[in-house]
1. Within the stretch 329-344, which residues are assigned to a helix (DSSP H, G or I), in contact with a Ser or Thr (Cβ under 9 Å, 6 or more places away or on another chain) and surrounded by fewer than 20 Cβ atoms within 10 Å (Cβ to Cβ)?
2. What residue, of ALA111, ALA139, ALA115, is open to solvent by 10 Å² or more (accessible area, probe 1.4 Å), in contact with a Phe, Trp or Tyr (Cβ under 9 Å, 6 or more places away or on another chain), outside any strand (DSSP E or B) and closer than 17 Å to SER315 by Cα?
3. Return a yes/no flag: does the stretch 147-156 have any residue that is of a type outside the set (S, T, N, Q), open to solvent by 10 Å² or more (accessible area, probe 1.4 Å), modelled with pLDDT under 95 and farther than 20 Å from GLU299 by Cβ.
4. Return the pair list, or none, for Cβ contacts closer than 9 Å from residues in the stretch 188-212 that are on the phi < 0 side of the Ramachandran plot and surrounded by fewer than 19 Cβ atoms within 10 Å (Cβ to Cβ) to residues that are modelled with pLDDT under 95 and of a type in the set (A, V, I, L, M, F, W, C), at least 6 apart or on different chains.
5. Need the failing condition index for GLY175 against (1) within 28 Å of CYS240 (Cα to Cα); (2) of a type outside the set (Asp, Glu); (3) over 17 Å from the mean Cα position of the chain (by Cα), just the number.
6. Does the stretch 128-135 contain any residue that is over 17 Å from the mean Cα position of the chain (by Cα) and at pLDDT 95 or above?
7. Taking the stretch 50-72 only, how many residues are within 19 Å of GLN8 (Cβ to Cβ), open to solvent by 60 Å² or more (accessible area, probe 1.4 Å) and either in a helix (DSSP H, G or I) or free of Cβ contacts under 8 Å to residues at least 60 places away in the same chain (or both)?
Amino acid sequence: MMNNISEQPVGIGIIGCGYWGINYVRVLQEIPEAKLIAVCDQRLDRLNEIGRRLPDLKLTTNVTDVLSDDRVNAVIVCTEATSHFKVANQCLQAKKHILIEKPVSTLVSEALELARVAKEVSCTLMVGHTFVYNGGITAIKSYLADHSDTIYYLHASRTNLGPIRRDVNAIWDLGTHDIAIFNYLLNASPCWVSAVGGRVLGNCRVDVGFICLGYENGVIGHVHVSWADPNKCREIVVVCSGMRLVFNDLNAAEPVRIYEKGVSAVDAEPQSFGEYQLKIREGSIISPSIEPSEPLKNECRHFIECIRSGIKPRSSIEDGINVLRTLEAIDRSVRLQGTTVKVE
């Protein structure tokens, strides 16, 4: 897929400028390859605030005003998840490239339709799985690729006191990140899930979740998410036969630590039925140097690169659909109180 966009800055519009969308406004001002043209939001007070800071922007409450502007080559969709399909479909019909925030939709069927239309109109459709553009996560992926260790399991904790969303529950809001990270690190999607959720805040949505994900070759992922935990945690752990890798997004000085220790079975006859000899490995603790960079800025630059070159995004619509399939299976398992459910 090639594009006619020159080496001039790519004109971008933002639809939805709430809690997360305002970060795109800031980041795009710092990227020479991009030119923010227009911002659309239903809240006039939000638009007035942006207008005071950036008086040259086109500000509107009407999506059509953004899509009819010939200066806009691409759109970032940051509306509530329940409106993603409608807005993204409008953008594709106007032949605009799209970066759509996670989750790409609330229904797999809608995401599949967006993928079909994007292909039909030859537009880039990228999903905002921001953590696959995080230097710590990419460092862990590179380290795993450079070593032949068997991955045993992965564990993620993503907790805090809110912010509480109105459009999706805590699993869809927080767990989406960790499912996308696990899939990225493993180059795979779960085959089955088992999950339980609680409404401890008396809300109409699940605000606490415990999720098991089953991957090929027996690899297991576990995710804990919560809007009700006073302890803010953003941690990923990968346990392998010869090492343990830890990503702590709240530790700016040492976001990644690699513990070169582990346990694995040795190539020897078992001493008794089902009893294999085990080898314990002790080693160093490594804290690799991670070049400081903002994941959201990395994501936006990659979006522009994909538009210009036609390459497939690192967080493609296919990746977004795989995450959605997993989320739908998790919903079914939660309704069945933790019953194992196959990911379709």
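The values are calculated or read from the model by the stated rules, or taken from the named source; none is laboratory data. Not measured: the values here are computed from a predicted model. When we count neighbours, we look across all protein chains shown, and the Cβ atoms used for this are built from the backbone with ideal geometry, even at glycine. Calculation scope for accessible area: heavy atoms of the full protein, side chains included, ligands and nucleic acids excluded. Shrake-Rupley method; radii C 1.70, N 1.55, O 1.52, S 1.80 Å.
1. Residue satisfying the conditions is ARG332 alone.
2. Step by step, each of ALA111, ALA139, ALA115 is checked, and only ALA139 is open to solvent by 10 Å² or more (accessible area, probe 1.4 Å), in contact with a Phe, Trp or Tyr (Cβ under 9 Å, 6 or more places away or on another chain), outside any strand (DSSP E or B) and closer than 17 Å to SER315 by Cα.
3. There is at least one residue in the stretch 147-156 that is of a type outside the set (S, T, N, Q), open to solvent by 10 Å² or more (accessible area, probe 1.4 Å), modelled with pLDDT under 95 and farther than 20 Å from GLU299 by Cβ.
4. LEU201/ILE164; ASN203/ILE164; ARG205/ILE164; ARG205/VAL168
5. (3)
6. no
7. 3
Quick grid of which residues meet (1) more than 26 Å from VAL117 (Cα to Cα); (2) in contact with a helix residue (DSSP H, G or I) (Cβ under 9 Å, 6 or more places away or on another chain); (3) among the basic types (Lys, Arg):
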| site | (1), (2), (3) |
| --- | --- |
| PRO9 | no, yes, no |
| VAL39 | no, yes, no |
| LEU54 | yes, yes, no |
| ASP65 | no, no, no |
